[in-house]
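Novice: Following this message is one structure expressed as structure tokens.
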Amino acid sequence: MPRAREMKSLKGLCLDEVERAVDDWINRLLVEKVSDSGSTVIDLLEKGEDDELYKRVSNFFDLLPSTLLLDITKLIPFKFRQKERSKGNQLLWCYLEMLISEGIAMVNQTAENVDGFLQVASKRCPLLKNLEVIRSPGCDIFPYNLEPYLQRFQQLRVLNIGDGEIGDSCLEILGAFCKDLRELDVSFCSKVTDVGLASLFVSVDHLGNKNESLGLCKSIVKLWTNGTQVTNSGIQVAIKNLPELEYCDMASIQILAEMHQRDFRSKEQLEIPKYSFVDLKLKKKYSSPYTWGSLKMVLSLCPSLLKVHITAIAGLKNADLLSLISVERLCELIIKGCEDSSEITFDDGVTPLLEAKGRNLKVLKLQDLGIPININTICELCPNLDVLALTGNRKYTTSTWNSSRPKRIKLDLPKLKNLVKLCLGSCCASCRGPNPNSCIPSENLAFLLLSPLLVEIDIRNCDTLTDDVLLTAAQSNPFLHLEELVLGGCHSITNRSVNVFMQENGIKKILLIGCSKLTLDNIVTWKNTAIQNDWNFMFGCIVFQEIPIPEND
């Protein structure tokens with residue numbers, strides 16, 4: 001069952017006391033007048049005037065050893081997640097994080113506090129390496145002015161200003177002063193264009209003259225530009241000028257293919273560069289249709305690839321899929337269907353690929369595919385998976401004999417001994433329809449649930465998940481490592497099988513959504529039991545239960 005709250009170590013108890021002391025100190029600061037003008041802490045921070053506050057904070061810090069200060073910074077992300085915290089409280093925790101660790105995770109609440117806080121940061125922490133201006137969920141976007149302070153942060157390595165009112169001029173400053181920048185997120189900054197993006201890494205001034213003091217951000221490793229005015233042409237310029245670029249959310253196999261289509265046609269391959277990408281996608285939407293052989297061509301340009309995400313678009317054939325065999329270090333593979341028809345199949349496309357690369361795969365996701373998925377084959381060919389996701393697929397088969405490939409699939413499959421995350425879900429539109437093959441077979445469910453290291457289980461729209469399946473699995477697998485369980489739209493389970501997880505284990509979260517045989521009485525019983533036993537876990541349930549309407553006399 002979810003464990004009762006355990007006794008903490010002496011260090012843990014001391015940290016709890018320190019956390020309470022810091023919280024009390026912050027709450028006092030929020031209401032005290034800290035200047036002769038009667039200003040509060042938040043007033044000072046919003047105006048960029050923190051001299052009086054800094055004296056108080058540094059005096060408080062002097063009482064604590066440096067190792068304890070680092071432990072305090074670990075609490076800060078948790079503080080931001082707590083909904084009951086006021087804006088001022090979050091802002092002060094952000095201030096502490098900046099002074100202790102020279103990194104800021106800032107919640108963008110008002111126009112004033114961001115501008116003032118940036119002014120304070122530029123004065124107190126010019127060596128800042130990590131700056132994130134994050135909009136609070138559900139809050140409006142307020143403009144702020146980063147440009148006056150940006151050139152003071154010349155050692156920035158990570159900058160997240162997505163969802164902001166940032167434009168090309170801001171990127172020009174980055175390109176002129178922040179040569180150490182490694183990660184940049186300007187996603188959904190609608191004023192950013194190809195021109196601004198190029199100013200990060202192209203050493204040319206506005207007159208077209210070469211200027212080595214500009215475009216210094218040539219070592220960017222990760223780049224997010226989705227939701228801006230940046231086009232495919234702008235991404236191509238980035239790819240050409242960022243030799244260390246490992247990930248770009250707008251980069252795709254189609255863009256790289258388009259860049260080098262002419263080179264391959266003319267066979268001038270000695271001039272074609274190699275790229276540092278570790279993660280690439282074949283995207284659903286692109287300006288031109290997919291050309292057969294493009295995937296193979298791009299894979300030859302990216303020797304460092306670890307993760308490949310394939311969308312089964314029109315024009316993609318089994319031969320394209322099999323070109324992934326050449327990816328030497330492939331450890332994560334996602335194949336996703338879409339509305340367009342594709343020509344890939346499981347037996348002649350997916351299976352031979354898994355035969356070649358399955359033992360190296362750590363993550364495999366097959367999603368929204370219309371081809372029959374054979375889970376037995378996956379389990380045999382991919383024994384070292386950490387993550388397996390089979391969701392939204394329209395058809396499953398348990399056949400152990402493939403006529404086109406005369407090979408017997410073993411009936412005594414070994415357990416997936418490394419599997420920690422399991423996500424399963426039938427296609428929502430067909431899971432309760434007349435096709436008996438649309439649901440994940442119960443024998444496959446029972447087998448996958450035997451994986452001894454499971455930490456997360458998420459199963460949706462599976463009527464084949466029954467009490468017998470869960471109870472049988474629990475007889476062999478005590479789920480000792482399980483921390484999170486999500487069951488949604490599983491209409492064959494009752495409280496009998498859910499009670500399996502109400503035993504001694506390390507579970508931290510249970511979420512039950514729309515499982516029709518679970519009743520309000522079941523939920524009340526579980527919640528009361530959790531309170532009586534002081535279980536340290538989160539329990540959530542949404543029950544769709546018909547309420548009887550009394551008959552009129």
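The values are calculated or read from the model by the stated rules, or taken from the named source; none is laboratory data. Fair warning: this is a prediction, and the values are worked out from it, not measured in the lab. Every residue, glycine as well, gets a Cβ built from its backbone with ideal geometry; the counts of neighbours run over all protein chains shown. The area values use the complete protein model at the heavy-atom level, side chains included, leaving out ligands, DNA and RNA. Shrake-Rupley method; radii C 1.70, N 1.55, O 1.52, S 1.80 Å.
Novice: In the list Ser203, Ser199, Ser219, Ser213, which residue meets the criterion of being out of contact with any Leu (no Cβ under 9 Å at 6 or more places or on another chain) and small (Gly, Ala, Ser)?
Specialist: Answer to the check: Ser213.
Novice: Follow-up. Going by the structure shown, is Met7 open to solvent by less than 20 Å² (accessible area, probe 1.4 Å) and either outside any loop (DSSP other than H, G, I, E, B) or at pLDDT below 70 (or both)?
Specialist: Values: open to solvent by less than 20 Å² (accessible area, probe 1.4 Å): no; either outside any loop (DSSP other than H, G, I, E, B) or at pLDDT below 70 (or both): yes.
It is false that Met7 is open to solvent by less than 20 Å² (accessible area, probe 1.4 Å) and either outside any loop (DSSP other than H, G, I, E, B) or at pLDDT below 70 (or both).
Novice: So which residues in the range 330-367 are part of a loop (DSSP other than H, G, I, E, B), of a type in the set (Asp, Glu) and closer than 12 Å to Ile310 by Cβ, if there are any at all?
Specialist: Residues satisfying the conditions do not exist here.
Novice: Of everything in the range 503-537, what is open to solvent by 20 Å² or more (accessible area, probe 1.4 Å) and either of a type in the set (A, V, I, L, M, F, W, C) or closer than 19 Å to Val469 by Cα (or both)? Give them in sequence order.
Specialist: Gln503, Leu511, Ile513, Ser516, Lys517, Leu520, Val524, Ile531, Trp535, Phe537
Novice: Further question on the same structure: Checking the condition of a type in the set (S, T, N, Q), out of contact with any Lys or Arg (no Cβ under 6 Å at 6 or more places or on another chain) and open to solvent by less than 50 Å² (accessible area, probe 1.4 Å), which residue from Ser300, Ser304, Ser252 passes?
Specialist: Ser304
Residues checked against (1) in contact (Cβ under 8 Å) with a residue 60 or more places away in the chain; (2) open to solvent by less than 50 Å² (accessible area, probe 1.4 Å); (3) within 26 Å of the chain's Cα centre (by Cα); (4) farther than 18 Å from Ile253 by Cβ:
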| residue | (1), (2), (3), (4) |
| --- | --- |
| Leu321 | no, yes, yes, no |
| Phe346 | no, yes, no, yes |
| Lys362 | no, no, yes, yes |
| Asp368 | no, no, yes, yes |
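Novice: Go over the candidates Pro452, Pro478 one by one and state the one that is under 30 Å from the mean Cα position of the chain (by Cα), open to solvent by 10 Å² or more (accessible area, probe 1.4 Å) and either under 14 Å from Lys421 (Cβ atoms) or at pLDDT 95 or above (or both).
Specialist: Unique residue meeting the criteria: Pro452.
Each row is one residue, and each column tells you yes or no for (1) at pLDDT below 75; (2) surrounded by fewer than 17 Cβ atoms within 10 Å (Cβ to Cβ); (3) within 24 Å of Leu131 (Cα to Cα); (4) among the hydrophobic types (A, V, I, L, M, F, W, C).
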{"position": "Glu17", "(1), (2), (3), (4)": "no, yes, no, no"}
{"position": "Trp25", "(1), (2), (3), (4)": "no, yes, no, yes"}
{"position": "Leu64", "(1), (2), (3), (4)": "yes, yes, no, yes"}
{"position": "Ile72", "(1), (2), (3), (4)": "yes, no, yes, yes"}
{"position": "Gln90", "(1), (2), (3), (4)": "yes, no, yes, no"}
{"position": "Met98", "(1), (2), (3), (4)": "no, no, yes, yes"}
{"position": "Met106", "(1), (2), (3), (4)": "yes, no, yes, yes"}
{"position": "Gln109", "(1), (2), (3), (4)": "yes, no, yes, no"}
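Novice: Against the conditions (1) of a type in the set (Val, Ile, Thr); (2) modelled with pLDDT under 95; (3) more than 27 Å from Gly425 (Cβ to Cβ), where does Val327 fall short? Just the number, please.
Specialist: (2)
Novice: Out of (1) in contact (Cβ under 8 Å) with a residue 24 or more places away in the chain; (2) open to solvent by 10 Å² or more (accessible area, probe 1.4 Å), what's the single condition that is false for Lys285?
Specialist: Lys285 satisfies all of (1) in contact (Cβ under 8 Å) with a residue 24 or more places away in the chain; (2) open to solvent by 10 Å² or more (accessible area, probe 1.4 Å) except (1).
Novice: Restricting attention to the range 330-345, report how many residues are touching a helix residue (DSSP H, G or I) at 6+ places or on another chain (Cβ under 8 Å) and at pLDDT below 95.
Specialist: Number satisfying all stated conditions: 3.
Novice: Now a separate question. Tell me, which residue of the range 519-553 that is under 25 Å from Ile507 (Cα atoms) and in a loop (DSSP other than H, G, I, E, B) is modelled with the highest pLDDT?
Specialist: So the residue we want is Thr519.
Novice: Still on this model: Among the numbered criteria (1) closer than 18 Å to Leu388 by Cβ; (2) touching a Ser or Thr at 6+ places or on another chain (Cβ under 9 Å); (3) of a type outside the set (Val, Ile, Thr); (4) at pLDDT below 95, which one does Cys431 miss?
Specialist: Failed condition: (1).
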